[in-house]
Amino acid sequence: MIGAIMLIPEPLYKNSYIIGYRDVDFNKNLRLSSLFGYFQDTASLNVEMLGIGVETIAEKYSVAWVLTKILVEIYRIPSWNEKITVETWPHEPKKYEFDRDFRVWDEEGNILASAISNWVLLDINTREIKKSDIIESDYPHISFIEERALDGRIRKLKPYGELEAVYRKVIGYSDTDVNGHINNAKYIDYIMDCFSMEDHKKHTVKSIQVNYIKEVFPGDALVLFRDISKAGSNQVYIEGIHEADQKPAFSAELIIGQDT
């Protein structure tokens, strides 16, 4: 009797989207938070195909995938009704972190955006970060792709000068995800709300790095700060402070360009 052949899943996964009204802003351009949502959805489908999906690891190990850092370079913002393809692939796990890359393509084969990211496994009961080898027995023996979507690296972020308070945000039901805390894409909306409508009419984001530092839950309040002391160099720093303990919940650095 010939034994069954075990199929090894491909590490690269692609998912296509047609950009709808709910995903665009007043310019009919894709919202940055929607792009982050596409990243999250495509990554979730990829780990599902690899046998380490959200429900699988929750049931077997009581852990969840959580994004901790991401750096995105944007070459062109797509518009309403455009069809785009998001591709993603994982890298070999580190002791605690899982690196994952993304690329976004238009229908003509042009790269619209590239991203590198770090993820961890969070214990859904203790909220502690677990070592990557907790899922080692289920992690597929795939041929990891060594190519990186970006040559840059994800850095620690800190303000350049004085921080100024912009607004206060109380977290509610609509901000949360399946893990019960703020969804990573929601933070992008909070960051974008640190700029006026006139700012958004004149400028566009060319690059953004977000470091997710501390979980925030419904009922919590965030105070958003920004540092525009290097705006002349097109750099803006944004930080969200957890009001109750005055500790940073996230930090972000944006490179801004003129809208064309």
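The calculated 222 nm mean residue ellipticity attributable to helices in the chain amounts to -4500 deg cm²/dmol, summing -39500 (n - 2.57) over DSSP H runs of n ≥ 4 and dividing by all residues.
Just the protein heavy atoms count here, and of the accessible area of the chain at 1.4 Å, carbon and sulfur take up 50 percent.
Multiplying the residue separation of Val54 and Lys95 by 0.36 nm and removing their Cα-Cα distance gives an extension gain of 12.8 nm.
Scaling against 2.2 N^0.38 Å puts the C-alpha radius of gyration of the chain at 1.04. Structure remark: mean-square fluctuation, Gaussian network model of the chain, C-alpha springs under 10 Å; the largest value among Glu73, Glu198, Glu239 belongs to Glu198. I need to check one value: relative contact order of the chain, counting alpha carbon pairs closer than 8 Å and at least 6 residues apart, in percent. That works out to 18 percent.
Count charges around Ala165 for me, please; just the other residues with Cβ under 15 Å from its Cβ, Lys/Arg as +1, Asp/Glu as -1.
-3
A 1.4 Å probe run over the chain, with the rest of the protein chains in place, finds 53 Å² accessible per residue.
Expressed in nm to one decimal, what extension gain is obtained for the pair Asp245 and Asp106 from 0.36 nm per residue of sequence separation less their Cα-Cα distance?
45.7 nm
Among Val178, Val66, Val24, the residue with the largest mean-square fluctuation in a Gaussian network model of the chain, with springs joining Cα atoms closer than 10 Å, is Val178. Spin-label model, Glu215/Ile142: points 7 Å from Cα along the beta carbon direction are separated by 2.6 nm. When the label point is put 7 Å from the Cα of Tyr167 along its Cα-to-beta-carbon vector, which residues of segment 176-192 have a backbone N closer than 16 Å? Counting backbone N atoms under 16 Å from the label point, the list is 186-192. Using a simple spin-label model with pseudo-atoms 7 Å out from Cα toward Cβ, Asp193 and Tyr75 lie 3.3 nm apart.
The values are calculated or read from the model by the stated rules, or taken from the named source; none is laboratory data. As the structure is a computational prediction, the values presented were derived from the model and not from experiment. In this analysis, Cβ positions are derived from the backbone assuming ideal geometry, glycine residues included, and neighbour counts consider all displayed protein chains. The accessibility values were calculated without ligands, DNA or RNA, using every heavy atom of the protein model including side chains. Shrake-Rupley method; radii C 1.70, N 1.55, O 1.52, S 1.80 Å.
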